[in-house]
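Structure first, then comments.
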Amino acid sequence: MKQVRLLVILLLFAVMMSACGETTMTTNAIVSVVAKDSSDSDYWIDVQNIDDPDQETTKLHISDENTWNLIEINQHYTVTYMRDKGSTDGNLSTIKKSESE
């Protein structure tokens, strides 16, 4: 019986600890590209959410150089990106030129 209690306590502890870990968030937004840069094979853009201009910019890492080449500064795009909770850096999932200019 003590082993069962110990097992239950350990399982509850494990569940509570896993709930405290980093969580990945997916965001969809219409953004304005304020800057773009690269270093070696690392590509990124800095974007500002046009619905919340007071929010700080988000740095989005791009895995494909061809995609990065097509992105223009001061243009609006609809994007989907993933980032860790509390982080201002994310990884771009999708991007499409926005019609809402």
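The values are calculated or read from the model by the stated rules, or taken from the named source; none is laboratory data. Note that this is a predicted model, so its numbers are computed, not measured. Quick reminder, even Gly has a Cβ in these numbers, built from the backbone with ideal geometry, and neighbours come from all protein chains shown. Each accessible area value is taken on the protein alone, full model and side chains, heavy atoms only, with ligands, DNA and RNA left out. Shrake-Rupley method; radii C 1.70, N 1.55, O 1.52, S 1.80 Å.
Filtering the stretch 42-74 to residues that are in contact (Cβ under 8 Å) with a residue 24 or more places away in the chain, more than 16 Å from the chain's Cα centre (by Cα) and under 14 Å from Ala29 (Cβ atoms) leaves only Ile50. Taking the stretch 2-101 and the strands (runs of 3 or more DSSP E) fully enclosed by it, the elements with 2 or more residues that are of a type outside the set (Phe, Trp, Tyr) and open to solvent by 60 Å² or more (accessible area, probe 1.4 Å) are at 24-39, 76-84, 89-97.
Restricting attention to the stretch 75-86, the residues being within 8 Å of the chain's Cα centre (by Cα) and more than 17 Å from Ile30 (Cα to Cα) number 1.
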